[in-house]
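See structure below.
The values are calculated or read from the model by the stated rules, or taken from the named source; none is laboratory data. In this text, all values refer to a predicted model and were calculated from it rather than measured experimentally. Neighbour counts run over all protein chains shown; Cβ positions are idealised from the backbone, glycine included.
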Amino acid sequence: LFSAVEKAPNDPILGLNDQFGADENPRKVNLSVGVYYDETGKLPLLECVQRAERQMADAPKARGYLPIDGIAAYDSAVKNLVFGAGSDAVNSGRVATIQSLGGTGGLKVGADFLKKVNPNAKVLISDPSWENHRALFSQAGFTVEFYPYYDAVKRGVNIDGMLTALETAEPGTIVVLHACCHNPTGYDITSQQWDQVVAIVKERKLVPFLDLAYQGFGNGIAEDGAVIQKFVAAAGDFLVATSFSKSFSLYGERVGGLSVFCASKDEADRVLSLLKVMIRTNYSNPPTHGGSVVATVLNTPDLRALWEQELANMRTRIRQMRTLLVADLKAAGVKEDMSFITQQIGMFSYSGLTKEQMVRLRNEFGVYGVDSGRICVAALNTKNIDYVCQSIARVLQ
Ligand code: PLP
Ligand code: TYF
């Protein structure tokens, strides 16, 4: 039966992680996978998380099955974070929220749900996008196509191309949008451009699926979630996948959520019942630990304040690394103007380096980025940045 199974390709990004692990170059630097490392090069364990875990250890609880849609206090914290505590959207009961296995799990439950509701819809993702968007929606049975996004010549967003693609999309088309901190390019559209997107989505009756994987890594928690308010104001149905992998540095706990904004409370109740069918037939119910930690932090005022501070520190450090990267590249002899790096936002930078240059960086210098030219700025620190810049300068010569 399995003799005809062909070897599937590795994940292009996670595969590089394995290659990095096996590299014996003592100066190696991993800028491939989207993970935040602190100034000492370590994966942080946030203080707010440690305090929540201590509180939980002091009052240990048995681990029964959670409800299918997860911890109620978690779901309401996600709803408040994404839509605004006390907002009409939340108070009206129009949002159905479930606890998911990371942002990926939120996208997958949402994709399975949409496949039930509108099986013939097409899915549009940005060109380029996080590779898993294409893979995940294809795996859920959809035809996935691209809308123009990155303009390499202009070094920014091809907004006209994007808007035209949306204007010509069939009603019901699912449009996957990066709510902030676009992965992989680092270029977001402006608030005015979001207004244009929202207007077209409304007029064309498209179904927006917002991927909110980096809330707090761009300009702030509220700022990065501002686009949600625009979609609420437009009053159409939409979905939001939330991830706490990065914002809580809880990658391995798989904490995320899916929220579906509906026309009424009654509709949200029915939508929730179908989301639960998707979950039950897939993994039954989510795990307890990560969700409990995040719910404790978000729902306890002093821990919440600590989290916001720790997240702000991560955001600020990334910005400092962008500024330093531009200065150090210049100091290392790079002639091109690299100041576009400080116009980008979030964890990533599309560096403009070619695949050949990225391969040379990896093979000759042990500096690992993605073949597309994407580097993870959040993995730079004051100890590795000089070496990274000198290596980039060499391959650009
Ligand atoms: N969406 C985007 C754009 C991402 O970059 C990631 C990164 O991992 C995810 C979703 C998935 O998040 P999670 O690790 O929480 O599944
Ligand atoms: O883009 C990234 O690097 C992160 C991490 O299959 C990631 O989003 C990469 C690939 C993948 C899952 C997560």
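Summary of computed values
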{"item": "Identity of the residue in the stretch 124-152, over 21 Å from Ser349 (Cα atoms) and within 12 Å of ligand 2 (Cβ to nearest atom), that ends up surrounded by the most Cβ atoms within 10 Å (Cβ to Cβ)", "result": "Leu136"}
{"item": "Among (1) in contact with an Asp or Glu (Cβ under 6 Å, 6 or more places away or on another chain); (2) surrounded by fewer than 16 Cβ atoms within 10 Å (Cβ to Cβ) - the single one Asp266 does not satisfy", "result": "(1)"}
{"item": "Residue count, the stretch 228-280 (criterion: assigned to a helix (DSSP H, G or I), of a type outside the set (A, V, I, L, M) and either in contact (Cβ under 8 Å) with a residue 12 or more places away in the chain or not assigned by TED's automatic domain parsing to the domain that holds Asn91 (or both))", "result": "10"}
{"item": "Filter result for the condition that a residue is over 27 Å from Arg317 (Cβ atoms) and either within 16 Å of ligand 2 (Cβ to nearest atom) or of a type in the set (Val, Ile, Thr) (or both), over Val227, Val277", "result": "Val277"}
{"item": "Matching residues in the stretch 21-41 - criterion: being exposed (fewer than 15 other Cβ atoms within 10 Å of the Cβ) and either among the hydrophobic types (A, V, I, L, M, F, W, C) or assigned by TED's automatic domain parsing to the domain that holds Phe244 (or both)", "result": "Ala22"}
{"item": "Test set (1) more than 16 Å from ligand 1 (Cβ to nearest atom); (2) outside any loop (DSSP other than H, G, I, E, B) - Leu311 fails condition number", "result": "(1)"}
{"item": "Qualifying residue in the stretch 41-49 (condition: in a loop (DSSP other than H, G, I, E, B), within 16 Å of ligand 2 (Cβ to nearest atom), under 30 Å from Asn381 (Cβ atoms) and small (Gly, Ala, Ser))", "result": "no"}
{"item": "Filtered residues of the stretch 47-57 (kept if within 16 Å of ligand 1 (Cβ to nearest atom) and either surrounded by fewer than 17 Cβ atoms within 10 Å (Cβ to Cβ) or at pLDDT below 95 (or both))", "result": "none"}
{"item": "Candidates Ala73, Ala121, Ala85 - the one that is away from ligand 2 (no atom under 16 Å from the Cβ), among the hydrophobic types (A, V, I, L, M, F, W, C) and over 22 Å from Phe231 (Cα atoms)", "result": "Ala73"}
{"item": "Single residue of Pro171, Pro208 found to be free of Cβ contacts under 8 Å to residues at least 40 places away in the same chain, more than 12 Å from ligand 1 (Cβ to nearest atom) and assigned to a strand (DSSP E or B)", "result": "Pro208"}
{"item": "Verdict on Ser126 being in a strand (DSSP E or B) and outside the structural domain of Tyr350 (by TED's automatic domain parsing)", "result": "yes"}
{"item": "Failed item, numbered, when Ala77 is tested on (1) touching a helix residue (DSSP H, G or I) at 6+ places or on another chain (Cβ under 9 Å); (2) in a loop (DSSP other than H, G, I, E, B)", "result": "(2)"}
{"item": "Test: Pro44 is touching a helix residue (DSSP H, G or I) at 6+ places or on another chain (Cβ under 7 Å), surrounded by fewer than 18 Cβ atoms within 10 Å (Cβ to Cβ) and over 15 Å from Val388 (Cβ atoms)", "result": "no"}
{"item": "Residue identified as over 24 Å from Gly346 (Cβ atoms) and either within 16 Å of ligand 2 (Cβ to nearest atom) or touching a helix residue (DSSP H, G or I) at 6+ places or on another chain (Cβ under 9 Å) (or both) among Glu267, Glu253, Glu167", "result": "Glu167"}
